[in-house]
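Take a look at the structure below.
The values are calculated or read from the model by the stated rules, or taken from the named source; none is laboratory data. Bear in mind the structure is a predicted one, so any value in this text is a computation, not a measurement. Cβ atoms come from the backbone with ideal geometry, glycine included; neighbour counts cover every protein chain shown. Please note that ligands, DNA and RNA were not included when accessible areas were found on the heavy atoms of the full protein model with its side chains. Shrake-Rupley method; radii C 1.70, N 1.55, O 1.52, S 1.80 Å.
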Amino acid sequence: MLALLKKRRSIRKFKFKKVSTDQIEQLVQGALLSPTSKNRRPWEFIVVTEEKGLTALSKSKTHGAQFLEGAPLAIVIIGDPEVSDVWIEDTSIASILIQMTAESLELGSCWIQIRERFHNDKKSAEDYVKEVLSIPAAKRVASIIAIGHPDEEKKPHSEENLLYEKVYHNRYHEDCRMRLSNTPNIKEQ
Ligand SMILES: Cc1cc2nc3c(=O)[nH]c(=O)nc-3n(C[C@H](O)[C@H](O)[C@H](O)COP(=O)(O)O)c2cc1C
């Protein structure tokens, strides 16, 4: 699992190649296997493969979504606040598990934030996505995961860059920063 986590990078350039039906089914399983508070499963998903839909979604916000235009697949993650008060946590977990399932299938992916973002100065990105995909007003749109065969190479995350200084042992105190036996960058204190 750690190897997969190190390898995962946000991929925003995709080859002109479809994601297979089998891969889409595995991605959907990854989403539906996500743990949720009280097992309420307050999420729903829209698998978008139509070029028209992907192009429309690429315009969800002014920055950070445009690469959907060249992607073969997007999964839109919807939450229902009437089903769970922690739908944000549950949809976030589903989003990252879709990304990790994509990674395990050697597909690239990138999270596109929709909740709390804006399409323009009058319309939220959420309302825009709801209009494009006919999502009922009472539902919430958390994120979109863009997925495809990577057409860019990124270095995996290295252990040297991990922020171990953010980890404490037993309590939050300067003297209690976690010391791991194999952490290369822990400064002697
Ligand atoms: C909650 C969240 C929202 C993000 N929103 C966007 C986004 O809207 N557009 C985008 O291109 N990347 C987005 N990203 C990807 C981050 O920019 C990326 O994960 C971060 O820069 C670290 O790079 P890495 O994923 O390659 O490790 C988002 C990531 C997270 C976790």
Original post:
Along the stretch 96-109, what does the Karplus equation 6.51 cos²θ - 1.76 cosθ + 1.60 (θ = phi - 60°) give for ³J(HN,Hα), rounded to whole Hz, x for Gly and Pro?
Top reply: 6, 5, 5, 4, 6, 5, 4, 4, 5, 9, 6, 9, x, 8
**OP:** Within the stretch 1-61, report the chymotrypsin sites (Phe, Trp or Tyr not before Pro) that DSSP leaves as loop and that have at most 16 other Cβ atoms within 10 Å.
**Re:** Phe16
Original post:
Can you give me the pair-distance distribution of the stretch 75-121, C-alpha pairs, 5 Å bins, whole percents?
Top reply: 5, 18, 25, 21, 16, 10, 4, 1
Original post:
What is the dipole size for the chain, taken about its Cα centre, with +1 at each Lys and Arg Cβ and -1 at each Asp and Glu Cβ, in debye to the nearest 20?
Top reply: 220
Subject >> Measure of compaction for the stretch 45-88 (Cα Rg per 2.2 N^0.38 Å) >> reply: 1.36
Subject >> Net charge over other residues, Cβ less than 15 angstrom from the Cβ of Lys18 (K, R count +1; D, E count -1) >> reply: -4
Original post:
For the chain, what does the equivalent ellipsoid look like in terms of its semi-axes, each the square root of 5 times an eigenvalue of the Cα gyration tensor, given largest first in whole Å?
Top reply: 32, 21, 17
Subject >> Local electrostatic count at Phe118 - Lys and Arg +1, Asp and Glu -1, tallied over other residues with Cβ under 10 Å >> reply: 0
Original post:
Summing Lys, Arg as +1 and Asp, Glu as -1, what charge do residues with Cβ under 13 Å from the Cβ of Lys6 carry, Lys6 excluded?
Top reply: +2
Original post:
Most mobile of Leu163, Leu57, Leu68 per a Gaussian network model of the chain (Cα springs, under 10 Å)?
Top reply: Leu163
**OP:** Using label points projected 7 Å from each Cα along Cα→Cβ, tell me how many nm separate Ser134 and Arg40, to one decimal.
**Re:** 2.8
**OP:** May I ask which of Lys52/Lys130; Lys38/Lys166; Lys61/Lys155; Lys61/Lys122; Lys18/Lys61 have a Cα-Cα span longer than 21 Å here?
**Re:** Lys38/Lys166; Lys61/Lys155; Lys18/Lys61
Original post:
Given only helices, namely DSSP H runs of n ≥ 4 each adding -39500 (n - 2.57), what is the per-residue ellipticity at 222 nm of the chain, to the nearest 500 deg cm²/dmol?
Top reply: -8000 deg cm²/dmol
**OP:** Quickly work out the Tyr164-to-Asn120 label distance, labels modelled 7 Å from Cα along the C-beta direction, and quote it in nm with one decimal.
**Re:** 5.1
Original post:
Using a 1.4 Å probe, what is the accessible area per residue for the stretch 2-148, in Å²?
Top reply: 53
